[in-house]
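Have a look at the structure below before the remarks.
The values are calculated or read from the model by the stated rules, or taken from the named source; none is laboratory data. Everything numeric here is computed off the predicted structure, so don't read it as measured data. Ligands, DNA and RNA are excluded from the accessible area calculation, which covers all protein heavy atoms including side chains. Shrake-Rupley method; radii C 1.70, N 1.55, O 1.52, S 1.80 Å.
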Amino acid sequence: GDECFVGLVRGTNRRWPQGYGHLGDWSLVGLAVDLPAGRYCDVASLPERFKRGRVSCPREVVVGADGRVTSGSVPEGDLSAIYTGAMLPKRGPPDGESRRLRAGN
């Protein structure tokens, strides 16, 4: 959708265990979620409701300008949930890097 994305990995396939075993984490990299570019809090990783003003989350998903995930995964046996209301601020360069840039180095 244009406002949210949810993905889940159930874990071991017990119906046919001889052929599957553990499924592992699901990398979302390259998946088209068609959300605006930015950093999103995976609200499924929070012990409480998402509150505006957060600067980080236990798990995050990054969406590129083309609407595809550039960073993020769904842990085995868990789910990932992102939506436009849970965008995080852009990350700037590391502290030392910003100082060097200001100093002209």
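Points to keep in mind about this one:
- For the stretch 69-81, the Karplus equation 6.51 cos²θ - 1.76 cosθ + 1.60, evaluated at θ = phi - 60°, returns couplings of 5, 9, 7, x, 7, 10, x, 4, x, 9, 9, 10, 9 Hz by residue, with Gly and Pro reported as x.
- Atom-type composition of the exposed protein surface of the stretch 34-93 places 52 percent of the accessible area on carbon and sulfur (1.4 angstrom probe).
- Relative to the current alpha-carbon distance between residue 25 and residue 46, full extension at 0.36 nm per residue lengthens the span by 5.7 nm.
- Stretch gain in nm, segment residue 37-residue 56, where the contour uses 0.36 nm per residue and the Cα spacing is subtracted: 5.2 nm
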